[in-house]
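Peer 1: After the structure tokens below, expect a handful of questions from me.
The values are calculated or read from the model by the stated rules, or taken from the named source; none is laboratory data. Computed from a predicted model, the values in this text were never measured in an experiment. Cβ coordinates were reconstructed from backbone atoms using ideal geometry, including for glycine residues, and neighbour counts include every protein chain displayed. Accessible surface is based on the protein model in full, side chains and every heavy atom, while ligands, DNA and RNA are left aside. Shrake-Rupley method; radii C 1.70, N 1.55, O 1.52, S 1.80 Å.
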Amino acid sequence: MEPFTSHTGVAAPLRASNVDTDQIIPAEFLKRITRTGFEDALFHAWRTDPDFVLNHPEYGRATVLVAGPDFGTGSSREHAVWALQSYGFRAVLSARFADIFRGNCGKAGVVAAVVSPEVVSRIWEYLEESPGAEVTIDLERCEVRFGDAAEPFEIDQHVRWRLLNGFDDISISLEHADEIGEYEAHRRPWLPVTVG
Amino acid sequence: MGLTLAEKVWRDHVVRSEEGVPDLLYIDLHLIHEVTSPQAFEGLRVAGRSVRRPDLTLATEDHNVPTLDVDKPIADPISRTQVETLRANCAEFGVPIYPLGHAEQGIVHVVGPQLGLTQPGMTIVCGDSHTSTHGAFGALAFGIGTSEVEHVLATQTLPLKPFKTMAINVEGELPEGVTAKDVILAIIAKIGTGGGQGYVLEYRGEAIRNLSMEGRMTICNMSIEAGARAGMIAPDDTTFDYLKGRPRAPEGAEWDAAVEYWRSLATDDDAEFDAEVTLRADELTPFVTWGTNPGQGLPLAANVPVPGEIEDQTERESAEKALAYMGLEPGMPLRDIAIDTVFLGSCTNGRMEDLRAAADVIRGRRVADGVRMIVVPGSARVRLSAEAEGLDRVFLAAGAEWRGAGCSMCLAMNPDKLAPQERSASTSNRNFEGRQGPGGRTHLVSPQVAAATAVRGTLSAPADLDPLTPLAESA
């Protein structure tokens, strides 16, 4: 995974709460067996609306999404994160993320940064006053900068460490293969198996 | 201080623990399906890794399989490729699979319990958010993303931070005609779609204790709709009676040892939850959703909300948007909402008890003119059992369609979809915009309400139906 330290890019204000993963990517696109090439699927239904934020030319190259609370609810589909990545997004800001979506972001390399609802509102207003403006997501300082303002954001410290270094979880866990084997040797004898 | 059920199961599965680092948790059972696994297997291949424990892994085909012509090749080439990819991956990595056409094929969350693979005290994961279903047995079960699927395939573990715990007490007895589905819809409406975020929910109280395993699965299934990754219910005699004799359940002396251990899992009397919510069961009535998230629900006897009367700005805007999408008039009685399609099925309500309950309502009656009702058993085994009981004939005689097993119209990945603006009463779990087909409008309901709605053509409870005449009863 590529390390993420700090990113500056155009931010898009998505004034909606409870954006579920079916809105981020409808199920019909989940039949594909790749991790890439989902840019056409992102917010598929909403993009038919000319007023949808990403249809405004100022936000066409957006790489930071600023969304309302409860972003990424519903299905566990990691395709939602891949669709955001395919489109070009590197970070999402919200006052609250659904657990699985936020976890998937951390695994796939997208920063899901939690800020207060007030900060989300201030960034929305800033972006709507100056459409196409850039914001900075500084993962080293856990800070979002917009205009003259700088506000802290929250992210799980372990996820932050992995993203800063570009480490992947599987390699880390496999370093403990001996301990996994030790645990396995003492599992309860009646636990079921799926074969035989 | 004592421990909660969730904490006991967690502690029993910690492979390693280190300050400032997530615990490494052992996974007892990993269920996989065609949609969220192809990229995980590809990741293993690219890294030259194998599946650590194929014997703790089970695949089935459910999300995009057709429910008609199931003996023929899948017509949609993209769906067919995905299903064939799962079969090829399982063959390459030695993972057992129940493919379409096999008697054990079905929705992963129906298959695991009916085989007895889902047992108390286990950790269970699947690349599907409704894995919370298995918590009904006192297992710690939760949905994961594809990167985590790859992680579990490679290591049989997951690095995780402990969840917080929330007790949901449902006190008192449920009135006649009020079901597990009504209880969970009421809970979600109370705590909201983000209310359980970061928590494992433990459902407790008399009303929960009195539920069958199937009702408990319906409750735990929709924990994710309240924002919680997992929901649990302490195992008891109902749990053990359900498990005993199932193909993968322990036998003989191991059964006795297992039951003794399972009994020890219940939350200690002096344990403390991080949060607690209480509902009165006797105040509950049949519950349905009116909006586009599962928290937007009300008793069937209520009226569609008037957004102008909602104080909270975010909720008001959300309600306005939902009513526009749903094509509903503020203030109209929910019972006046006319339905085009009734969907009975899904991992929420696609088990035997659900089909029986709906059949009991519709037996001797007819699906209203202009309404289609699709009945999709949760698994091939459920379908076979239902046919052995004659439930298929009850639905067919009423004018409903009887289908093969799968996720079907719950998420419309297969040909079972709503047309734009078509309105459903659905026993599934999500009423998101477009969930059952682009532009489709979904009302979440219980199996009993689904059946009564099919008969009347408007959202209805069984109590709204005219009594059967003796002639109709014999039909």
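Peer 1: Which of the following residues is buried (at least 17 other Cβ atoms within 10 Å of the Cβ) and in contact (Cβ under 8 Å) with a residue 40 or more places away in the chain: B:Leu384, B:Leu355, B:Leu391?
Peer 2: None of the other options fit; the residue is B:Leu355.
Residue by residue, here is whether (1) of a type outside the set (S, T, N, Q); (2) assigned to a helix (DSSP H, G or I) holds:
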site: B:Arg335; (1), (2): yes, yes
site: B:Val342; (1), (2): yes, no
site: B:Thr348; (1), (2): no, yes
site: B:Arg356; (1), (2): yes, yes
site: B:Val361; (1), (2): yes, yes
site: B:Val367; (1), (2): yes, no
site: B:Val382; (1), (2): yes, yes
site: B:Ser385; (1), (2): no, yes
site: B:Ala388; (1), (2): yes, yes
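Peer 1: Hey, any hits in region B:152-163 for a residue that's modelled with pLDDT of 95 or more, among the polar types (S, T, N, Q) and open to solvent by 10 Å² or more (accessible area, probe 1.4 Å)?
Peer 2: No, the conditions are met nowhere in region B:152-163.
Peer 1: So, one more: Looking at B:Ser223 and the list (1) more than 10 Å from every other protein chain (Cβ to nearest Cβ); (2) in contact with a strand residue (DSSP E or B) (Cβ under 6 Å, 6 or more places away or on another chain); (3) under 15 Å from B:Thr118 (Cα atoms), which single condition is not satisfied?
Peer 2: Here B:Ser223 meets the rest and fails (3).
Peer 1: Report yes if B:Thr458 is in contact with a strand residue (DSSP E or B) (Cβ under 6 Å, 6 or more places away or on another chain), on the phi < 0 side of the Ramachandran plot, surrounded by fewer than 24 Cβ atoms within 10 Å (Cβ to Cβ) and of a type in the set (Val, Ile, Thr), otherwise no.
Peer 2: yes
Peer 1: Next question, about the same structure. Take the residues in region A:173-192 that are in contact with a helix residue (DSSP H, G or I) (Cβ under 8 Å, 6 or more places away or on another chain) and among the hydrophobic types (A, V, I, L, M, F, W, C); name whichever of them is nearest to the other protein chains (Cβ to nearest Cβ).
Peer 2: A:Trp190
Peer 1: Scan region A:6-31 for residues that are part of a loop (DSSP other than H, G, I, E, B), more than 7 Å from chain B (Cβ to nearest Cβ) and either among the charged types (D, E, K, R) or surrounded by 23 or more Cβ atoms within 10 Å (Cβ to Cβ) (or both) and jot them down.
Peer 2: Correct list: A:Arg15, A:Val19, A:Ile25.
Peer 1: Moving to a separate point now. Look at B:Thr238 and say whether it is part of a loop (DSSP other than H, G, I, E, B) and either farther than 26 Å from A:Ser76 by Cβ or not aliphatic (A, V, I, L, M) (or both).
Peer 2: The answer is no for B:Thr238.
Peer 1: Something else about it: Considering only residues of region B:302-322 that are part of a loop (DSSP other than H, G, I, E, B) and more than 26 Å from the chain's Cα centre (by Cα), which is nearest to the other protein chains (Cβ to nearest Cβ)?
Peer 2: Checked region B:302-322; the qualifying residue nearest to the other protein chains (Cβ to nearest Cβ) is B:Asp312.
Peer 1: One residue is enough: does region A:54-73 have a residue meeting the conditions crowded, with 24+ Cβ neighbours inside 10 Å, modelled with pLDDT of 95 or more, in contact with an Asp or Glu (Cβ under 6 Å, 6 or more places away or on another chain) and closer than 22 Å to A:Val159 by Cα?
Peer 2: yes
Peer 1: Within region B:196-208, take every residue that is in contact (Cβ under 8 Å) with a residue 60 or more places away in the chain and within 11 Å of chain A (Cβ to nearest Cβ) and give me the one that is nearest to the chain's Cα centre (by Cα).
Peer 2: Among residues in region B:196-208 that are in contact (Cβ under 8 Å) with a residue 60 or more places away in the chain and within 11 Å of chain A (Cβ to nearest Cβ), the one nearest to the chain's Cα centre (by Cα) is B:Val200.
Peer 1: What about B:Glu329, is it of a type outside the set (A, V, I, L, M, F, W, C), part of a loop (DSSP other than H, G, I, E, B), open to solvent by 70 Å² or more (accessible area, probe 1.4 Å) and out of contact with any Lys or Arg (no Cβ under 9 Å at 6 or more places or on another chain)?
Peer 2: yes
Peer 1: Something else now. In the set A:Arg77, A:Arg162, which member is out of contact with any Lys or Arg (no Cβ under 8 Å at 6 or more places or on another chain) and within 9 Å of another protein chain (Cβ to nearest Cβ)?
Peer 2: Only one candidate passes the filter, namely A:Arg77.
Peer 1: Answer yes or no as to whether B:Thr218 is of a type in the set (Val, Ile, Thr) and either touching a Gly at 6+ places or on another chain (Cβ under 6 Å) or open to solvent by 10 Å² or more (accessible area, probe 1.4 Å) (or both).
Peer 2: Taking the combined requirement at face value, the residue does not satisfy it.
Peer 1: Exactly one condition in (1) at pLDDT 95 or above; (2) part of a loop (DSSP other than H, G, I, E, B) is not met by B:Ile224; state its number.
Peer 2: Failing condition for B:Ile224: (2).
Peer 1: Quick one: is B:Ile233 among the hydrophobic types (A, V, I, L, M, F, W, C), on the phi < 0 side of the Ramachandran plot, away from chain A (no Cβ under 14 Å) and in contact with a helix residue (DSSP H, G or I) (Cβ under 6 Å, 6 or more places away or on another chain)?
Peer 2: Yes, satisfied.
Peer 1: Please pick out the residue among B:Phe287, B:Phe273 that is closer than 23 Å to B:Met232 by Cα and out of contact with any helix residue (DSSP H, G or I) (no Cβ under 9 Å at 6 or more places or on another chain).
Peer 2: Exactly one residue qualifies, and that residue is B:Phe273.
Peer 1: Return the residues of region B:149-177 that are within 20 Å of A:Arg102 (Cβ to Cβ), assigned to a loop (DSSP other than H, G, I, E, B) and within 11 Å of chain A (Cβ to nearest Cβ); say none if nothing qualifies.
Peer 2: B:Lys161, B:Phe163 - these are the residues of region B:149-177 that are within 20 Å of A:Arg102 (Cβ to Cβ), assigned to a loop (DSSP other than H, G, I, E, B) and within 11 Å of chain A (Cβ to nearest Cβ).
Peer 1: Still on this model: Of the residues that sit in region A:74-109 and are in a loop (DSSP other than H, G, I, E, B) and under 29 Å from B:Ile188 (Cα atoms), which one is most open to solvent (accessible area, probe 1.4 Å)?
Peer 2: A:Arg96
Peer 1: Any idea which of (1) assigned to a loop (DSSP other than H, G, I, E, B); (2) surrounded by 19 or more Cβ atoms within 10 Å (Cβ to Cβ); (3) more than 22 Å from the chain's Cα centre (by Cα) is the one B:Asp269 doesn't satisfy?
Peer 2: Status for B:Asp269: all satisfied but (2).
Peer 1: Right, here's the next one. Considering every residue within region A:38-49, establish whether at least one is at the interface with chain B (Cβ under 10 Å from one of its Cβ atoms) and free of Cβ contacts under 8 Å to residues at least 12 places away in the same chain.
Peer 2: yes
Peer 1: Taking the condition in contact with an Asp or Glu (Cβ under 8 Å, 6 or more places away or on another chain) and more than 11 Å from chain A (Cβ to nearest Cβ), does B:Met122 pass?
Peer 2: Considered against the rule, which asks whether it is in contact with an Asp or Glu (Cβ under 8 Å, 6 or more places away or on another chain) and more than 11 Å from chain A (Cβ to nearest Cβ), B:Met122 comes out as no.
Peer 1: Confirm whether B:Phe163 is touching a helix residue (DSSP H, G or I) at 6+ places or on another chain (Cβ under 7 Å), of a type in the set (Phe, Trp, Tyr) and more than 30 Å from B:Asn431 (Cβ to Cβ).
Peer 2: Here the answer is no, as B:Phe163 does not meet what is asked.
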